[in-house]
Amino acid sequence: MLNIFLLPLAILTSYIFLDDEIINKTSYVITLTGYIALVYLVITLSLPLLKNNNFKIKTRLFGISAFYFSMIHFILYVIDNSYDLTLILEDALFRNYIIVGYLALLLLIPMYLTSFQYFKDKIKDWKKLHKIIYMVYFFILAHIYFIIKADYYYLILFSSILLVIIILKRYNFYKLNE
């Protein structure tokens with residue numbers, strides 16, 4: 001699991017130190033950690049479609065990595081705001097992109113916890129709980145929508161990916177793949 005998590009972190013870190021064209025490095029890292037978390041979420045949603053192939057990849061690892069990058073994204077946001085709880089609370093109450101970002105992060109927490117056997121044993125319907133991943137994805141798309149000013153490329157891209165995943169899962173693509 002460490003490889004799956006550390007590789008993007010190493011690449012991100014190298015960009016920060018080696019790319020002189022990045023003007024606001026903090027903003028760059030906050031944005032990129034959010035997108036990395038979203039890519040991991042896409043992989044998490046996509047892997048079950050490939051479950052009958054010879055892939056030995058565990059969906060759980062990508063889901064956990066998505067949570068960790070989401071936490072890094074949030075922690076960097078807090079640091080960027082100088083740990084000012086008044087400002088952070090004000091953002092949580094009045095800024096749409098922060099509200100939906102918080103909702104996505106809060107919904108990721110129970111899915112993260114039920115990725116571990118201890119909580120799976122305590123919560124019998126943990127698989128049903130993991131269905132909220134679609135709500136998380138929707139809140140992330142809303143988070144991106146509220147942030148962007150002009151370039152909707154990533155919003156359209158990730159919305160399209162979600163639509164394809166839902167269609168494939170709806171029509172049981174993976175059953176046809178047997």
So, restricting to helices (runs of 4 or more DSSP H) that lie completely within the range 23-95, which ones have at least 3 residues that are of a type in the set (A, V, I, L, M, F, W, C) and surrounded by fewer than 13 Cβ atoms within 10 Å (Cβ to Cβ)?
85-94
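Kindly indicate which of Ile123, Ile156 is without any contact (Cβ under 8 Å) to a residue 40 or more places away in the chain, under 30 Å from Arg95 (Cα atoms) and β-branched (Val, Ile, Thr).
Ile156 is the lone residue from the list that is without any contact (Cβ under 8 Å) to a residue 40 or more places away in the chain, under 30 Å from Arg95 (Cα atoms) and β-branched (Val, Ile, Thr).
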Taking interchain pairs and intrachain pairs at least six residues apart, which have beta carbon atoms under 7 angstrom, with the first residue in the range 17-37 and more than 12 Å from Ile75 (Cα to Cα) and the second part of a helix (DSSP H, G or I) and modelled with pLDDT of 90 or more?
Ile36/Phe69; Ala37/Ala66; Ala37/Phe69; Ala37/Ser70; Ala37/His73
Count of the range 11-22 residues which are among the aliphatic types (A, V, I, L, M), part of a helix (DSSP H, G or I) and surrounded by 10 or more Cβ atoms within 10 Å (Cβ to Cβ)
3
Picking from Ala92, Ala142, Ala104, which residue would you name as being without any contact (Cβ under 8 Å) to a residue 40 or more places away in the chain, closer than 24 Å to Leu76 by Cβ and within 17 Å of the chain's Cα centre (by Cα)?
Ala104
Determine whether the range 114-133 contains at least one residue that is of a type in the set (Asp, Glu) and surrounded by 14 or more Cβ atoms within 10 Å (Cβ to Cβ).
no
Here is a check on your reading of the model: is Ile132 of a type in the set (A, V, I, L, M), touching a residue at least 12 places away in the same chain (Cβ under 8 Å) and closer than 25 Å to Asn3 by Cα?
no
From Ile144, Ile140, Ile109, which residue is over 20 Å from Phe62 (Cα atoms) and surrounded by 12 or more Cβ atoms within 10 Å (Cβ to Cβ)?
Ile144
Take the range 72-116 and flag every residue that is among the small types (Gly, Ala, Ser) and at negative phi.
Ala92, Gly101, Ala104, Ser115
Being touching a helix residue (DSSP H, G or I) at 6+ places or on another chain (Cβ under 7 Å) and either closer than 19 Å to Tyr154 by Cβ or basic (Lys, Arg) (or both) is the requirement here; does Val39 meet it?
no
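The values are calculated or read from the model by the stated rules, or taken from the named source; none is laboratory data. Keep in mind that what you see is a predicted model, and the values were worked out from it rather than measured. Cβ coordinates were reconstructed from backbone atoms using ideal geometry, including for glycine residues, and neighbour counts include every protein chain displayed.
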